[in-house]
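The values are calculated or read from the model by the stated rules, or taken from the named source; none is laboratory data. Being a predicted model, the structure only gives us computed values, none of them experimental. Backbone-built Cβ (ideal geometry, glycine too); neighbour counts: all protein chains shown.
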Amino acid sequence: MNASEQPVVSDPTTSTDRHALRGTLVDVVDLPGGDGPSLRHVEDGVLVVEGGEIRAVGDAATLLPTLGDIPVHDHRGRLLLPGFIDAHLHYPQTEMIGAFGEQLLSWLSRYTFPTEARFVDPEHAAAIAKRFLDELLRNGTTTAVVLGSVHRSSAEAIFEAAAARGLRLVAGQVMMDRHAPDELLDTPQSSYDDGRALIERWHERPGTRLSYAVTPRFAATSSPAQLEAAARLLQEHPGVFMHTHWAENRDEIAWVKELYPQSASYLRVYHDHGLLRRRSVLAHGVHPAPGDLELLAETGATVAFCPTSNLFLGSGLFDLPGARRAGVHVGLGTDVGAGTSFSMLQTMAEAYKVGQLRRSLPGAGDVAPLSVAQALYSATLGSARGLGLDAHIGSLEVGKEADVIVLDPGATPLLELRMGRAETVEETLFALMILGDDRAVEATYVHGRRWRPG
Ligand code: GUN
Ligand code: ZN
């Protein structure tokens, strides 16, 4: 059976049952008269869900009496948030998270490439795809921007598994035609052909929430001809995403400079090949060259800030306030398996600590610490805006998809003790972000339905 003959997955993405979720509602939105995105909360709130969408949001005292006898899932004492968005990670690297001792380029050749080589086997790809998506959901991540391996079977497996769970997912097959082991190399033509077939089969497939990302791994592993093939795919399919790595590590940057001497910066390699636009997602950007942030802002591309990965591989400290000031869209990514946690709570905590370290650098000036509202914005609505998905996800607003998570502020003995001292919702959320992880995610609703493992 070839790919196009595989059975069409059933459509579990929508639920027509009208039901309600009750708890403390928290999201980050632009409040009228406010100064940028701000935290909003309704202490005893209700979300009405039907057909997988949020149909009403409000105060329980006002809304509940209007609802008749629809089922109400009672999460009082818990926080209901929009599902997290992970703007960058690698599903084939799930099994090699936490690999010792290397920085980017040696980490790729020592650990990453051998692990990704196993994805030539469709059964292995299917097994890891399931484990990976279940791990995302356990952590409250309901949308992710995901790299596969260079094998077509890897992309097929992740799309199949996401469709079966009704998940919103942006994913793509890695394009890589040089500077990797032979068994991991494609060609400009084969990567173009695979990309086109995958776009036709999966991109915005009816009954799913799936999107395709054209995914050249990074400039060092793609020839100019392959970057041109990637650009052709994007021109021929305007709604698809572009997903790559950029300016993560100083040795990588020097190498790309040697490989593409005609381009004025690493970012301009992508720009010169027609790859920067809205819906382009570039992971890292730890070391931008002069003018790069302005170019990102002009093109509307998004940077995925991946703090646990940048710390783990010793790549450097991303300047989030600087990127924001330049008007660049920034999302937050775990970058598993260089990133050390699937938890977006932990990722926000590390983003905060990266900010603290930057504040102590000579000449840092008077930079404010990362507020919990800013951190949550990067993990929800801010990312959604960068990805052009904010009409669908990112906040608890009427008309959006009901991707909702339930956080338990007292999930562990230490959290419970700490919450005794938290006086505001900001304090509660900040402590959750610093101390919390998958243990704090009590439930995950995917398109209105409660996800259960297994
Ligand atoms: N740059 C190119 N490939 C990778 C990868 O797999 N992980 C990270 N962190 N950076 C990369
Ligand atoms: Zn990555």
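Overview of results
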| quantity | calculated |
| --- | --- |
| Helices (runs of 4 or more DSSP H) (entirely within region 82-184) containing at least 2 residues that are within 13 Å of ligand 1 (Cβ to nearest atom) and modelled with pLDDT of 95 or more | 104-107, 113-117 |
| Close pairs (7 angstrom Cβ cut-off, 6 or more residues apart or separate chains): under 16 Å from ASP27 (Cβ atoms) in region 416-433, of a type in the set (Gly, Ala, Ser) and modelled with pLDDT of 95 or more anywhere | THR428/ALA422; LEU432/ALA440; MET433/ALA349; MET433/ALA375 |
| Candidate set from region 351-371 (those that are surrounded by fewer than 24 Cβ atoms within 10 Å (Cβ to Cβ) and part of a helix (DSSP H, G or I)); member that is farthest from ligand 2 (Cβ to nearest atom) | ARG359 |
| Any hit, region 314-332, residues being under 16 Å from the mean Cα position of the chain (by Cα), among the polar types (S, T, N, Q) and within 16 Å of ligand 1 (Cβ to nearest atom) | no |
| Tally of residues being surrounded by fewer than 24 Cβ atoms within 10 Å (Cβ to Cβ) and assigned to a helix (DSSP H, G or I) across region 296-307 | 3 |
| Residues of region 232-246 satisfying the condition of being surrounded by fewer than 19 Cβ atoms within 10 Å (Cβ to Cβ) and either at pLDDT below 95 or in contact with a strand residue (DSSP E or B) (Cβ under 9 Å, 6 or more places away or on another chain) (or both) | HIS237, PRO238, GLY239 |
| Residue list for region 394-436, restricted to those being assigned to a helix (DSSP H, G or I) and more than 21 Å from SER343 (Cα to Cα) | LEU417 |
| Flag for VAL269 being surrounded by 20 or more Cβ atoms within 10 Å (Cβ to Cβ), within 14 Å of ligand 1 (Cβ to nearest atom) and in contact (Cβ under 8 Å) with a residue 60 or more places away in the chain | no |
| Near pairs, Cβ below 9 angstrom, 6+ apart or cross-chain, from region 162-180 (surrounded by fewer than 23 Cβ atoms within 10 Å (Cβ to Cβ)) to any residue that is at pLDDT below 95 and of a type in the set (Asp, Glu) | ALA163/ASP11 |
| Criterion (more than 16 Å from ligand 2 (Cβ to nearest atom) and of a type outside the set (D, E, K, R)) met by exactly one of LEU282, LEU295, LEU332, LEU313 | LEU295 |
